[in-house]
1. Provide the per-residue ³J(HN,Hα) series for the stretch 172-178, in order, calculated from phi with Karplus coefficients 6.51, -1.76, 1.60 and θ = phi - 60°, each as a whole number of Hz, with x at glycine and proline positions.
2. Which of the three applies to the chain, rounded, prolate or oblate, going by the alpha-carbon gyration tensor with a ≥ b ≥ c and a/c under 1.5 meaning rounded?
3. Please report the carbon-and-sulfur percent of the accessible area for the stretch 84-201; probe 1.4 Å, protein heavy atoms only, DNA, RNA and ligands left out.
4. Quickly work out the residue 136-to-residue 22 label distance, labels modelled 7 Å from Cα along the C-beta direction, and quote it in nm with one decimal.
5. Among 22, 115, 181, which one moves the most in a GNM of the chain with springs linking Cα atoms closer than 10 Å?
6. Given the options 77, 132, 60, which has the most mean-square fluctuation in a GNM of the chain, springs set between C-alpha atoms less than 10 angstrom apart?
7. Report the extension gain between residue 106 and residue 129 in nm, rounded to one decimal, defined as 0.36 nm multiplied by the number of residues separating them, less their alpha carbon distance.
8. Hey, what number do you get for the chain at 222 nm if only DSSP H runs of n ≥ 4 count, each worth -39500 (n - 2.57), divided across all residues, to the nearest 500?
Amino acid sequence: MQITTNKYYQLRSQTFPRDYLNTLRSQILFSPYLAASQLSDSFAETKGFSVVFKRSSISEVERHFPFFQPYLKVVLEPTCNAFYLNPLVLEGGARVEPHIDCSLSAYGKFIAIPNVVSVLYVQIPPDLQGGELVLQNREHQVAQIQPQTNTLLYFRGNLRHLVNEVKSSQARISLVCEQYNLSESRLQQIPEFEIQYKAVQ
Ligand SMILES: [Fe+2]
């Protein structure tokens, strides 16, 4: 494993055994929850589903999604207590518009910004063009990450970010986790465990 760190992000290469990555890939692609994305308009032409949970419900997430278990064990930060896990599938023509993650804000009367966002690149097609993750701090670009299969990225949760348009023959699949450290009163407004998805029309 090789680790690159700076004040905005950390990259770890070769994070998981290749067999596990293949399992994750097929479990995400064939998940009944994967349909037209429930994410906002800034995620045009993307597919995904989301799992919201508190630290106290990790075992329930693992019961429902056994294939997430190794991921959760490695990726969740011990200082965080609420999580928004999102397998994200970008096919040709898809891109993600600039935004700051704040998915848990929808649950309460507060704006919550994650402490850290982690991204595992589950499948990056060999012929991928575009699809880079651009990190911005106060409108200035501070990094452009070229995704690589089996690389685990952590970036500061308050950074605006976008994904350039994807051009490839296969899907670009990542597993994103917004990781929050919420106060007790805010934590009470978050569901213990909830799956968000849109049924196939
Ligand atoms: Fe995001």
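The values are calculated or read from the model by the stated rules, or taken from the named source; none is laboratory data. Worth saying up front: this structure is predicted, and the values here are computed from it rather than measured. Cβ sites come from the backbone with ideal geometry, for glycine too, and all protein chains shown count toward neighbours. Ligands, DNA and RNA are excluded from the accessible area calculation, which covers all protein heavy atoms including side chains. Shrake-Rupley method; radii C 1.70, N 1.55, O 1.52, S 1.80 Å.
1. These are the phi-based 3J(HN,Hα) values: 9, 10, 10, 10, 9, 9, 7 Hz.
2. On the way: a/c = 1.29, a/b = 1.17, b/c = 1.11.
Taking the square roots of the gyration eigenvalues as a ≥ b ≥ c, the chain is rounded.
3. Numbers: 2370 of 5310 Å².
The computed percentage sits at 45.
4. 4.0 nm
5. 22
6. Greatest mean-square fluctuation among the candidates belongs to 60.
7. So the chain would gain 4.9 nm between residue 106 and residue 129.
8. -4000 deg cm²/dmol
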